[in-house]
Structures are given as C-alpha cells and as structure tokens.
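S.K.: Just dropping this structure here.
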2 protein chains.
Amino acid sequence: MPQDKQTNRRIVLASRPHGAPDASNFRLESGHVPTPAAGQLLLRTVYLSLDPYMRGRMSDAPSYVPPVAVNEVMGAGTVAIVEQSQHPDYQPGDWVVSQNGWQDFALSDGRGLFKLSGPVLKHPSWALGVLGMTGFTAYMGLLDIGQPQAGETVVVGAATGAVGSIVGQIAKIKGCHVVGIAGGEEKCRYAEEVLGFDTCLNHHEEGLAERLSRYCPDGIDVYFESTGGKIFDAVLPLMNSKGRIPVCGLIADYNSTAPASGPNKLPLLQSAILRKRLRVQGFIISLDYADRFAEFFNKMSQWVAGDRLVFREDVVDGLDNAPETFIGMLEGKNFGKVIVRVAGDKP
Amino acid sequence: MPQDKQTNRRIVLASRPHGAPDASNFRLESGHVPTPAAGQLLLRTVYLSLDPYMRGRMSDAPSYVPPVAVNEVMGAGTVAIVEQSQHPDYQPGDWVVSQNGWQDFALSDGRGLFKLSGPVLKHPSWALGVLGMTGFTAYMGLLDIGQPQAGETVVVGAATGAVGSIVGQIAKIKGCHVVGIAGGEEKCRYAEEVLGFDTCLNHHEEGLAERLSRYCPDGIDVYFESTGGKIFDAVLPLMNSKGRIPVCGLIADYNSTAPASGPNKLPLLQSAILRKRLRVQGFIISLDYADRFAEFFNKMSQWVAGDRLVFREDVVDGLDNAPETFIGMLEGKNFGKVIVRVAGDKP
C-alpha cells in the first residue's frame, strides 16, 4: 500500500512488549490527512529513521523521555517535505528533518525543524544518519567523552551500525588504531575493507576475549559502548589506565525481561573503574549536546564532501514494513543505518 | 617495645592474605639503623598512616602500583623527623612527610619529601589526614570529579572515615544537602552533630534503601564512592540525571576471594549510566592530581584555620599494634583517620 495524499497511515503501539517485540505490538491504522491552521505546516514523510533507542520508549520503565502511550503513533525522526504551509518561514517543497513518527503526515508549528539545503539534498536520508542524530551521537561521544589521541586504541562495538561505523572512521581520521566488533564475516570484511578499520572481529565466533586481546596488543584506551553484554565483558579486562568508555546504547540488554543470572559482575566493573581510573559516562545526544549541532554538522559535512567518510544505509521500502524491520534490527539483521523509505524521494 | 635509636623495627609482609588479612600475614623484625651516605637523610618515623588501599598492595593482583613483595616492609605514608642529614636542604629536627613504611627508620635522598612548617606543626599527624593524602583525595574527588553545585544532594559512604568526613564537610561549605552513611549509631550522631551533615544513616540497620530514599527527596546528584557493596546498591536507583560518581575506594570488596554471587547487577549499572547519563570515574590521587597538591594544601589549610572543618583521628600507640589496627580498620572498627603513633611526638 503506497503513500497517497488523501490518507494518513500510522503505525501505533498496540501493546507493550515483554522481551523482544513482535508484530502484535504494532498496528497499522488509516486516518484523514490533517489540515494546517495558521502558523502550522503539513509535513509529508519521505524517510523514517529506525533506531535501537525506540525499544526503550515502547516500555513504561522510567527513562529520560516519556514512553510512547499505547494506541499512540510510534515516535521517530523523519525527513519530510512541506506539503502545505501557513508558516512564514516555510514553502511547499522545502525539505526538513522533523519528528513525524511512523506515519505519512504530521502537523508542525516549526519548532524543532531543521531545514535541509545544499549538498545534503543529494542524499536527504543522510540527515537521519551520518549528518543527523546517529552521526552526531558518534561525533560527540567519541570526541567529547572518548577524547581519542593519535596512536591510542579505540574499540567499537556494532562496528558497521549507524553509529559505530562513524565512530571508527572518525577515530581513524584522528590517527587511532581501530578495532571493530560485528556480527558476521561479511560485516567484518566491510569494516576492514571499506570503512578502513585496522581489524574487525566477528562476535559470532568463539574466543572473542582472546582474539580481542591479540588485536589490541597495547590495550584499549577508548571503548565506544553501544552494545553491552558479552562484548563489554571481553573489553573490560583490556582497558588501559585512564581509559574512557562513552555509553550511548546497550542493545544486548534492551529485550531482557529478568535480572541477569550470576555471577554478579558489578564488583568487577567497580574495581576496574577504581584501579584503572576509568571514566564511564552515559550520554543522550539530544539532551546533552543540542547546542553543538552546528559544529558537528559543519565538520561532518566537510568530511563527507572530502570522501573521508563512508556511510552505508539499509533502506527498506514501505511504511508497513517498519515493524518487521525494527524487530530485525534489534537482532542485528540490518547492515548499516536502517531507513524506511515511506514515499518516493521526489517531491 | 618502644622506639629506640639503636634498633630499626620493621613490619614486613610475611605472606599474602586470602580474603581478610590476619596476624599471620605480618611479621615484626628488628635490624640495625642504617647510616646515610652523601646526599641522604636518616628519617625517624613518628606517625604512620594506615589506609584501606594498603589491602590491595598485599595482593599480587594487577594494580596501579606494584604489590609489596613478601618479606618486604609494608609501605605507608609517614610523618618523620630528620635524625641525621647529609643533604643540603634538610637539618636534623626538620619534620617531613615521607614514605617510610611500617618501620622506625628509613633513608631518603630527599625525593618525594614534603617539609612541614607553620601551623600544621601544631598537629603534625594531620599532614597524613586532612592536610595530606586523605584530605587531598576528598578535595579533588569531590570538587574536580563530583563538581557539586549549591542545593544539590551529595551522599557520602563511610561518612566518618578519613576521606568521607572531609567530603561531607566540603560539600556543606559548597551549600549542598549532605547525607552520610556510616556503621553504627555513634558514628551517625557524630556525623550529624559534629561534622554538620544534614543526615547520617546507619547501614547496620535494616531498610537502608528505603531510608536513603526518604532522606534524599530530590534524588542524589553526587555519590562519593569509597565503599561499594550494599551501599552502592541503595544509591544507584536514586541517582539523578547527569549525576557524578567519583570512585576512590571499594572497601566492601577488598577482602573478597571469589566472584560475587548473582544476580548479575552489571547490566543494571550500565543501564543507569546510559539512561541517567551518569559519569562514573575512578581516580588515584597520587597519580591523577600530583600537580594540584599546593592548591589543595593552601585551601584546606584556610578552612582548617578558620574552623570550617573538623577532623577526627583514631590514634593507636606503638608500631607493633599496626597489624591488628589495620585488620580492624578493614572491618570498620576505627572511628576517624587511623594513625599509629610510632614514637612520642617530641623530637
């Protein structure tokens, strides 16, 4: 069912998942396209970003943002076209980054919109990836918290993911030894041959801790944490004194439903933090760094324009495929930044 | 057996402890007093500092400093008098802070010595406490990593200990709401009535988590970690967004011999770091802040001179009592900074 201009398709949260989400947690609905009032815009979704953090918003556990309410549209960053405008700053046909969520149309009063112009319009969906939230997460987490120095060793989990792939490439630009970890041979080959990582280790194979130790002969100075679980267990013993661990995600734990079984590894982490004088710091890009978006966007645009960075998208067509794509992403089935193309990319 | 000037009594590490140390891990020996060569000093120990970190140095697990070798003198910070000098910068009778270890006499070439003069000579042993390593740890950990702001809530484990008592008082000077945790009613009363903490909770009583929640109605912004264990478990759920956790010690875990039993609380900590954007940072005062000692010493001396700070010592007489005192300190039997008076404090 393609997008048309008379119908607003919306995917709502039908029920809260217990553990891994499945198709029954989502419901596709149809409604009327809303009409903008004075000061408002009507936005039509072209690209929809799917990201692991959305799993957290499907639960009602306490978190940094309120959860999505049951029967409400799933939230998401989107690239959209202005379809109608009653707002002086926008014209029909303008491209914007917005928060339409998993639906075809949304109204906006202009707050929080980011108008796209210039080279990014060659790949508008990149404004959700390398030039958007995930690139921004990689840039600030690595540079502001990780503070990598030339010659240091940087380890990146989810090495070919939307964030990890950028983290590793920025670390290479900064002169670091970069070791990635990814799920599968093909992803590892891509990280080494295309992204330029020094090494990428397949965590589906046995002996991750031993292999990681071999490929980090000088220990690890920065570990960019987006996975948690067994990768963290392998990394921790190799961290060097004064090491830094920016924490931007924990995809391995998002679907867990019960306390993890023992032994209790908390004292091990505490002891490592103390003995090695580690800095472990969580961040939420939209809350912690909103005032540095322009700095990021300019610098990253230069790197992209100068072919210093490669960016891979995993594009799926059709809004109705969003739930299945999202479920697969949490299992690591995607290869690159997950984007749903909701409509053709011509205005 | 008191100190005399013909004999050097030394307490050596007889064997490495498995779990909590006992008397058999230490051995008292006697030897000759060494003679300084050109450029050297002979130092006589007057005060000996006992600190929890020494437990780590009795083990040969990897750590930030090499362990004490078996049959070698236990290391320690000391306040000493220059007994003989072949060094142009020192005269007999000078007071210094040195690293003599658990013995009566030691040679020095002057490196790493800190000469005492002025008001600190009224309480020379304070150069091992409020004006020495433990005060420095409190000062830098709280102010540089914790960065407390007026009106924020600061929680201090081991509230009446050498470090915690100073942390809480500095936090009060900075205008914070300060909640301490200590083992026993008497310590708690002291923290509230003498140190000026807003509240101090006895962790020997039941329901610590519930009581802590009640006395931190606005959550916790800074937790100064020196204990680990059940206190950390009670603190973590109450941490506010952007909270800071300086980690200077983990006394609850120092004697553990096996992995802690489950459930595995590591994912809980990781999740809290991410969701609450916490900064958890370990530090070793001598390695991380050596260049800021003068700043600390001047500021802390002002506070002490202005009666802004109270400092309590738990002084034990006699070098031969050091092992038993150290063992008791790891069990929380001390009340204040533990000092062994090795000799009378008159030159």
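S.K.: Could you give the nm distance between label points at A:Ile173 and A:His18, where each point is 7 Å from its Cα heading toward the beta carbon?
M.R.: Result: 4.7 nm between the two label points.
S.K.: For each of A:Thr35, A:Thr160, count neighbouring Cβ atoms within 10 Å of the residue's Cβ, then give the residues from fewest to most.
M.R.: Going from least to most buried by this count: A:Thr35, A:Thr160.
S.K.: Which Cβ of chain B lies nearest the axis of the rotation superposing B onto A, and at what whole-Å distance?
M.R.: Reported as residue, whole Å: B:Gly262, 1.
S.K.: Give the residue from B:Asn240, B:Gly151, B:Ser256 lying farthest towards the positive end of the charge dipole for the range B:134-286; charges sit on Cβ (+1 for Lys and Arg, -1 for Asp and Glu) and the dipole is referred to the Cα centre.
M.R.: Going by the Cα projections, it comes out as B:Asn240.
S.K.: Of the DSSP beta bridges with both residues in the protein assembly as shown, give the percent that are antiparallel, rounding to the nearest 5. Intermediate values should be presented prior to the final figure.
M.R.: On the way: 63 of 109 bridges.
So the antiparallel bridges in the protein assembly as shown amount to around 60 percent.
S.K.: Could you give me D for the range A:30-120, from Stokes-Einstein at 20 °C and 1.002 mPa s, where the hydrodynamic radius is the Kirkwood radius over C-alpha pairs? Units µm² s⁻¹, please.
M.R.: Details: Rh = 14.0 Å.
Here the translational diffusion coefficient equals 153 µm²/s.
S.K.: If R0 is 30 Å, what FRET efficiency do you get for A:Asp307 and A:Phe114 from their C-beta distance, rounded to 0.05? Spell out each step's value before the answer.
M.R.: Values: r = 24 Å, r/R0 = 0.81.
E between A:Asp307 and A:Phe114, to the nearest 0.05, is 0.80.
S.K.: Let me ask another. Answer rounded, prolate or oblate for the range A:203-246, using the Cα gyration tensor with square roots of eigenvalues a ≥ b ≥ c: rounded when a/c is under 1.5, else prolate when a/b is larger than b/c, else oblate.
M.R.: Values: a/c = 2.45, a/b = 1.24, b/c = 1.98.
Note, shape of the range A:203-246 comes out oblate.
S.K.: If you average the C-alpha positions of the range B:1-24 and of the range A:1-41 separately, how far apart do those two centres end up, in angstrom?
M.R.: Using only Cα atoms, the two centres lie 74 Å from each other.
S.K.: For A:Lys122, place a label point 7 Å out from Cα along the Cα→Cβ vector, do the same in each other copy, and report the separations in nm, one decimal, smallest first.
M.R.: List, nearest first: 7.3 nm.
S.K.: Where does the Debye-calculated log10 I(q)/I(0) of the range B:221-347 sit at q = 0.09, 0.10, 0.15 Å⁻¹, using only Cα point scatterers of equal weight, no solvent?
M.R.: Relative scattering, expressed as log10 I(q)/I(0), comes to -0.41, -0.50, -1.03.
S.K.: A follow-up question, please. For helix A:293-305, what angle does its Cα long axis make with the longest principal axis of chain A, in degrees from 0 to 90 and rounded to 10?
M.R.: Approximately 80 degrees, to the nearest ten.
S.K.: Here's something else I'd like to know. Ratio to report: Rg/Rh of the range B:134-286, with Cα atoms as the point set and Rh obtained by the Kirkwood method; give two decimals. Kindly include the intermediate steps, with their values, before the conclusion.
M.R.: Working: Rg = 14.3 Å, Rh = 15.3 Å.
Rg/Rh for the range B:134-286 comes to 0.94.
S.K.: Take every residue in peptide A:258-265, count the Cβ atoms of other chains within 10 Å of its Cβ, and give the average of those counts. Display every interim value, and only then the final one.
M.R.: On the way: counts 1, 6, 7, 3, 7, 8, 9, 8.
Rounded to a whole number, the mean comes out at 6.
S.K.: In a GNM of chain B with a 10 Å cut-off on Cα contacts, which of B:Pro148, B:Pro246, B:Pro119 has the highest mean-square fluctuation?
M.R.: Between B:Pro148, B:Pro246, B:Pro119, it is B:Pro119 that shows the largest mean-square fluctuation.
S.K.: Let me know the charge dipole size of the range B:57-215 about its Cα centre in debye, to the nearest 20, where only the beta-carbon of Lys, Arg (+1) and Asp, Glu (-1) is charged.
M.R.: Working: 10 positive and 17 negative charges, 68 e Å.
For the range B:57-215, the charge dipole is close to 320 debye.
S.K.: Okay, next question. Count the lysine pairs in the range A:133-286 whose Cα atoms sit under 25 Å apart, keeping only pairs 8 or more residues apart in sequence or on different chains.
M.R.: 14
S.K.: Report the Cα centroid-to-centroid distance between the range A:261-279 and the range B:186-203 in angstrom, as an integer.
M.R.: Taking the Cα centre of each part, the range A:261-279 and the range B:186-203 sit 29 Å apart.
S.K.: Along each principal axis of its Cα atoms, how long is chain A end to end? Whole angstroms, biggest number first, please.
M.R.: 60, 46, 34
S.K.: Order of A:20-32, B:73-85 by packing, highest average Cβ count within 10 Å first? Don't jump to the answer; show the numbers that get you there.
M.R.: Values: A:20-32: 14.3, B:73-85: 22.1.
Per-residue mean Cβ counts within 10 Å order the peptides as B:73-85, A:20-32.
S.K.: Working from Cα positions, state the angle (0 to 90°, nearest 10) between the long axis of helix A:164-173 and the longest principal axis of chain A.
M.R.: 60 degrees
S.K.: Also: Can you compute log10 of I(q)/I(0) for the range A:81-141 with the Debye formula, treating each Cα as one identical point scatterer, at q = 0.23, 0.30 Å⁻¹?
M.R.: -1.04, -1.35
S.K.: Give me a single rounded figure for A:275-288: the average over its residues of other chain Cβ atoms within 10 Å of their Cβ. Don't skip to the answer; put the middle values down first.
M.R.: On the way: counts 10, 5, 8, 5, 6, 10, 8, 14, 6, 6, 0, 0, 3, 3.
Taking the mean over all residues of the peptide, I get 6.
S.K.: What value, in deg cm²/dmol to 500, does the helix sum -39500 (n - 2.57) over DSSP H runs of n ≥ 4 give at 222 nm once divided by the residues of the protein assembly as shown? Present the calculation step by step, with values, prior to reporting the outcome.
M.R.: On the way: 20 runs with 166 residues, N = 694.
It lands at -6500 deg cm²/dmol.
S.K.: Relative to the other copies, what are the label-point distances for A:Gln6, with labels 7 Å from Cα along the C-beta vector, expressed in nm at one decimal and sorted shortest first?
M.R.: Copy-to-copy label distances for A:Gln6: 11.4 nm.
S.K.: Can you pull a Stokes-Einstein diffusion coefficient for the range A:1-43 at 37 °C (0.692 mPa s), Rh from Kirkwood over Cα pairs, as a whole number of µm²/s?
M.R.: Using the Kirkwood radius from Cα pairs, D works out to 259 µm²/s.
S.K.: Follow-up question, since we're still on this one. In degrees between 0 and 90, to the nearest 10, how far off the longest principal axis of chain B does helix B:266-275 point, with axes built from Cα atoms?
M.R.: Computed tilt is about 70 degrees.
S.K.: Give me the inter-chain shielding for B:235-248: mean count of other chain Cβ atoms within 10 Å, whole number please. Could you put the intermediate results ahead of the total?
M.R.: Values: counts 0, 1, 1, 0, 0, 0, 5, 5, 1, 1, 3, 0, 9, 1.
Mean shielding by partner chains, rounded to a whole number: 2.
S.K.: State, to one decimal in nm², a quarter of the convex hull surface area for the C-alpha atoms of the protein assembly as shown, i.e. the direction-averaged projected area.
M.R.: 34.0 nm²
S.K.: So, R0 is 30 Å and r is the distance between the beta-carbons of A:Val315 and A:Gln86; what FRET efficiency does that work out to, to 0.05?
M.R.: On the way: r = 32 Å, r/R0 = 1.07.
Here the calculated transfer efficiency is 0.40.
Read-outs: derived from the displayed coordinates by stated rules, not from any lab. Predicted model only: the values in this text are computed from it and were never measured. Cβ: placed from backbone, ideal geometry, glycine included. Neighbour counts: every protein chain shown.
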